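Asker: Let me give you the structure first, and then I'll get to my questions.
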Amino acid sequence: DVQLQAFGGGLVQAGGYLRLSCAVSGFRFADYDIGWFRQAPGAEREAVSWISSSDGSTVYADSVKGRFTISSDNAKTTVYLQMHSLKPEDTAVYYCAAILNGITNIPGSWTAERLYDYWGQGTQVTVSS
């Protein structure tokens, strides 16, 4: 079965750090790029970051640029999201998702959640002020 399992969420004070993990199974890891999305209560889902399976290139939303870092461990078929200097506005459920590689060659397409093939269950991140 295809699974993307998100781990690492929790409660942290403003300015703190968390690392999220997305463990992938059930499909060929090298065939898919991975994106991170988040959804705050009452808000629409927001694209946060993306990493290429082919060359490791990365993209970040303006709201997290300079604070978050996405990375991939091919041997463990796991993608990470390091979140530094967390702010209360980062509070959300964070989801990882897989998209067939090549789709994101179109500029901006990494943010289009409708294009992603598989989704994880999400992990809650809460940042207190």
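The values are calculated or read from the model by the stated rules, or taken from the named source; none is laboratory data. What you are looking at is a predicted structure, and each value in this text was computed from that prediction instead of being measured. Here the Cβ is made from the backbone with ideal geometry for all residues, glycine too, and neighbour counts use every protein chain on show. Calculation scope for accessible area: heavy atoms of the full protein, side chains included, ligands and nucleic acids excluded. Shrake-Rupley method; radii C 1.70, N 1.55, O 1.52, S 1.80 Å.
Asker: Can you report the number of residues in the stretch 21-36 which are outside any strand (DSSP E or B) and either closer than 21 Å to Ala61 by Cα or open to solvent by less than 40 Å² (accessible area, probe 1.4 Å) (or both)?
Answerer: The number of residues fulfilling the criteria is 2.
Asker: What is the number of the single condition among (1) under 15 Å from Gly8 (Cβ atoms); (2) assigned to a strand (DSSP E or B); (3) open to solvent by less than 20 Å² (accessible area, probe 1.4 Å) that Ser71 does not meet?
Answerer: Checking Ser71 against (1) under 15 Å from Gly8 (Cβ atoms); (2) assigned to a strand (DSSP E or B); (3) open to solvent by less than 20 Å² (accessible area, probe 1.4 Å), the one that fails is (3).
Asker: When you look at Ser85, is it of a type in the set (Ser, Thr, Tyr), in contact (Cβ under 8 Å) with a residue 60 or more places away in the chain and over 18 Å from Leu115 (Cα atoms), yes or no?
Answerer: Spelling it out, Ser85 is indeed of a type in the set (Ser, Thr, Tyr), in contact (Cβ under 8 Å) with a residue 60 or more places away in the chain and over 18 Å from Leu115 (Cα atoms).
Asker: Same structure again: From the residues in the stretch 24-77 that are out of contact with any His (no Cβ under 6 Å at 6 or more places or on another chain) and of a type in the set (Lys, Arg), which one is farthest from Val2 (Cα to Cα)?
Answerer: Across the stretch 24-77, the extreme among qualifying residues is Lys65.
Asker: Do we have any residue at all in the stretch 100-111 that's in contact (Cβ under 8 Å) with a residue 12 or more places away in the chain, outside any loop (DSSP other than H, G, I, E, B), more than 13 Å from the chain's Cα centre (by Cα) and surrounded by fewer than 17 Cβ atoms within 10 Å (Cβ to Cβ)?
Answerer: Yes, the conditions are met somewhere in the stretch 100-111.
Asker: Just to be sure I understand the filter: pairs with C-beta atoms under 6 Å, separated by 6 or more residues or on different chains, first member in the stretch 15-34 and in contact (Cβ under 8 Å) with a residue 60 or more places away in the chain, second member open to solvent by less than 30 Å² (accessible area, probe 1.4 Å) and assigned to a helix (DSSP H, G or I). Which pairs pass?
Answerer: Asp33/Thr104
Asker: If you don't mind, there's one more thing I want to ask. Determine which member of the set Val79, Val64 is more than 15 Å from Gly120 (Cβ to Cβ) and touching a residue at least 24 places away in the same chain (Cβ under 8 Å).
Answerer: Val64
Asker: Can I ask one more? Name, by its number, the condition in (1) over 19 Å from Gly8 (Cα atoms); (2) more than 15 Å from the chain's Cα centre (by Cα); (3) of a type outside the set (Phe, Trp, Tyr) that does not hold for Ala61.
Answerer: Condition not satisfied by Ala61: (2).
Asker: Looking at the stretch 37-49 only, could you name the residues that are open to solvent by less than 10 Å² (accessible area, probe 1.4 Å) and within 17 Å of Asn105 (Cα to Cα)?
Answerer: Ser49
Asker: Within the bounds of the stretch 79-91, is there any residue that is outside any helix (DSSP H, G or I), closer than 17 Å to Val2 by Cβ and at pLDDT 95 or above?
Answerer: Yes, the conditions are met somewhere in the stretch 79-91.
Asker: Filter the stretch 78-90 for residues that are over 14 Å from the mean Cα position of the chain (by Cα) and surrounded by 15 or more Cβ atoms within 10 Å (Cβ to Cβ) and give the result.
Answerer: Within the stretch 78-90, Leu86, Lys87 qualify.
Asker: Now a separate question. Taking the stretch 1-20, which residues are surrounded by fewer than 17 Cβ atoms within 10 Å (Cβ to Cβ) and in a strand (DSSP E or B)?
Answerer: Once the filter is applied, which keeps residues that are surrounded by fewer than 17 Cβ atoms within 10 Å (Cβ to Cβ) and in a strand (DSSP E or B), the stretch 1-20 yields Gln3, Gln5, Phe7, Gly10, Leu11, Gln13, Arg19.
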